[in-house]
Amino acid sequence: MKYVSTRGSAPELEFEDVMLAGLARDGGLYVPSVWPSFTAEKIAAMAGKSYSEIAYQVMAPFVGDSIEAQEFKALIDQAYGSFAHKAVAPLVQADANLWILELFHGPTLAFKDFAMQILGLLMDRALKKRGERATILGATSGDTGGAAIEAFRGRERIDIFILHPHGRVSDVQRRQMTTAREDNVFNIALEGTFDDCQGVVKGLFNDHAFRDGYHVTGVNSINWARIMAQIVYYFTSAVALGAPERSVSFSVPTGNFGDAFAGFVAKKMGLPIEQLVVATNVNDILVRVLETGVYKPDGVLATHSPSMDIQVSSNFERLMFEMTGRDATRIEALMNELATSGSFTLSENELAPMRTLFQGERVDEEATVARIKMQYELCQYVIDPHSAIALEAGARSARGGASMIALATAHPAKFPDVVSGSIGHDVVQPTRLQAQLHEEERVERLPCGGGAVSAYIASKTRAGGS
Ligand SMILES: *Cc1c(COP(=O)(O)O)cnc(C)c1O
């Protein structure tokens with residue numbers, strides 16, 4: 001399988017190179033040159049299969065011949081074997097035609113584990129094969145850092161450096177990062193805000209001598225391998241509810257649009273998806289663009305669902321590429337317009353096909369809390385704020401006979417304050433989390449400027465350098 005960039009001027013690459021590169025050299029995002037597609041018979045035959053078996057079938061066309069089948073299967077088993085539920089992504093019924101897909105049984109209790117766990121194994125394997133090492137660098141305001149550290153700790157060929165704003169992440173989130181004992185894990189508490197952290201990381205990525213010298217790479221959701229791993233649970237859940245004979249709809253709590261784009265790919269591959277609800281909090285850039293065609297980032301507001309507090313939705317570029325008939329020249333022009341004037345506007349021709357599948361739904365803070373409370377009163381089921389947004393948006397949008405599946409992306413114990421406030425008592429903590437709360441923390445506190453971060457990384461990483 002070859003991959004092309006949405007901006008048209010980066011070289012076509014194979015799967016492994018795309019995974020190791022992250023962003024394309026022309027600033028675009030990689031997508032497969034063609035979408036694989038499954039017949040109805042092939043999808044029907046997935047019924048009753050395990051998560052790992054379906055994961056192999058769904059991902060195999062994307063990795064092509066870069067990994068041999070048996071080895072890939074073993075890596076998939078290893079990645080999802082650490083999940084706390086045998087079904088990996090179990091479905092729970094919330095109402096007559098409304099379902100919850102629990103994506104929080106991974107080691108860090110958030111859906112990012114689905115992509116990170118397999119990415120960690122695939123990257124380490126690719127580097128071993130090439131006799132190379134890499135330095136992973138990222139900034140986090142919460143979940144991503146924990147999921148990345150959990151996936152990359154102890155990997156032979158990789159050192160991971162995660163920056164978080166000192167004193168500005170929750171206790172649970174900090175401990176999930178800082179209690180990793182492996183010596184390839186480096187936590188940096190930066191004296192600044194999350195934006196400062198991102199600024200430092202961006203600066204280092206743009207410093208080509210540093211980046212190439214220490215083989216620096218990223219694992220944020222622009223990495224194609226992460227999207228690929230998220231297509232799988234669209235298949236497992238749809239098939240469990242009667243696909244391909246019955247169609248289904250999904251409600252996706254959305255930030256960077258990676259997860260929703262994975263749903264789009266599942267549809268491209270032949271899964272009968274009626275509707276994809278793009279559920280956002282008050283940071284609603286995607287709802288606005290679907291309504292008006294105008295893509296215009298605003299200031300970010302802090303909400304109960306911090307993992308969706310974004311103002312730039314990077315993966316939306318992949319959807320635009322598809323909806324313009326893969327017109328890289330048009331994408332390049334739109335992104336330049338965004339950079340120079342702060343916004344761009346899609347044409348009716350580009351919007352119309354988006355609107356037939358996607359529906360935007362904005363859920364404000366009050367409605368989020370109300371949904372947590374209501375779901376609890378309805379059936380004693382406790383959900384986190386991100387999942388509540390998906391459920392509320394899904395309930396509002398359901399139409400026709402298709403079952404609506406709301407993606408539950410985080411465990412309620414990760415957001416104890418707002419959840420216990422909504423349901424009126426404490427949230428039960430999974431044992432996995434309890435254990436972490438007592439372990440020793442390891443973290444390096446560094447100032448924002450003066451090259452302290454680059455000097456620290458240079459002195460610690462095993463990749464490149466001398
Ligand atoms: C990252 C995240 C999201 C948003 O997913 P995107 O792929 O960025 O749209 C939603 N919920 C939780 C809990 C997350 O961590």
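The values are calculated or read from the model by the stated rules, or taken from the named source; none is laboratory data. Computed from a prediction, not measured in an experiment: that's the story for all the values here. Cβ atoms come from the backbone with ideal geometry, glycine included; neighbour counts cover every protein chain shown.
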*Could you tell me which of the residues Gly342, Gly263, Gly360 is away from the ligand (no atom under 16 Å from the Cβ) and either of a type outside the set (A, V, I, L, M) or touching a Pro at 6+ places or on another chain (Cβ under 6 Å) (or both)?*
Gly342
*asked:* If I filter region 138-154 down to residues being within 12 Å of the ligand (Cβ to nearest atom) and aliphatic (A, V, I, L, M), which single residue comes out as farthest from Leu241 (Cα to Cα)?
replied: Ala148
*If Arg330 passes every condition in (1) within 18 Å of Ile222 (Cα to Cα); (2) part of a helix (DSSP H, G or I); (3) among the charged types (D, E, K, R) but one, which one does it miss?*
(1)
*Any idea how many residues of region 151-200 are buried (at least 16 other Cβ atoms within 10 Å of the Cβ), modelled with pLDDT under 90 and β-branched (Val, Ile, Thr)?*
2
*Is it true that some residue in region 393-416 is touching a residue at least 40 places away in the same chain (Cβ under 8 Å), of a type in the set (Val, Ile, Thr), buried (at least 23 other Cβ atoms within 10 Å of the Cβ) and assigned to a helix (DSSP H, G or I)?*
no
*May I ask you to list the residues in region 375-392 that are in a helix (DSSP H, G or I), more than 24 Å from the chain's Cα centre (by Cα) and either under 18 Å from Phe257 (Cα atoms) or of a type in the set (Ser, Thr, Tyr) (or both)?*
Tyr376
_I'd like to know if region 305-313 contains one or more residues that are within 13 Å of the ligand (Cβ to nearest atom), under 28 Å from Lys414 (Cα atoms) and at pLDDT 95 or above._
no
_With the structure loaded, tell me whether Ala148 is assigned to a loop (DSSP other than H, G, I, E, B), buried (at least 19 other Cβ atoms within 10 Å of the Cβ) and not hydroxyl-bearing (Ser, Thr, Tyr) or whether it fails that test._
no
*Of all residues in region 383-430, which are under 30 Å from Pro272 (Cβ atoms), out of contact with any Gly (no Cβ under 7 Å at 6 or more places or on another chain), more than 16 Å from the ligand (Cβ to nearest atom) and modelled with pLDDT of 90 or more?*
Ala395, Arg396, Ser397, Ala402, Ser403
*Name the pairs: first residue in region 245-268 and free of Cβ contacts under 8 Å to residues at least 12 places away in the same chain and under 20 Å from Ala388 (Cα atoms), second residue near the ligand (Cβ under 8 Å from one of its atoms) and basic (Lys, Arg), Cβ to Cβ under 6 Å, at least 6 apart or on different chains?*
none
_Count of residues meeting criterion [outside any helix (DSSP H, G or I) and either touching a helix residue (DSSP H, G or I) at 6+ places or on another chain (Cβ under 8 Å) or crowded, with 24+ Cβ neighbours inside 10 Å (or both)] in region 252-303_ = 26
*Residues Tyr80, Tyr3, Tyr56: which one is hydroxyl-bearing (Ser, Thr, Tyr) and part of a strand (DSSP E or B)?*
Tyr3
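Residue-wise test of (1) of a type in the set (Phe, Trp, Tyr); (2) within 14 Å of the ligand (Cβ to nearest atom); (3) at positive phi.
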{"position": "Trp99", "(1), (2), (3)": "yes, no, no"}
{"position": "Leu109", "(1), (2), (3)": "no, yes, yes"}
{"position": "Gly120", "(1), (2), (3)": "no, no, no"}
{"position": "Leu127", "(1), (2), (3)": "no, no, no"}
{"position": "Ile136", "(1), (2), (3)": "no, no, no"}
{"position": "Glu156", "(1), (2), (3)": "no, no, no"}
{"position": "Val172", "(1), (2), (3)": "no, yes, no"}
*List every residue pair whose Cβ atoms sit under 9 Å apart, with the two residues 6 or more apart in sequence or on different chains, where the first one lies in region 77-88 and is basic (Lys, Arg) and the second, anywhere, is not in a loop (DSSP other than H, G, I, E, B).*
Lys86/Tyr51
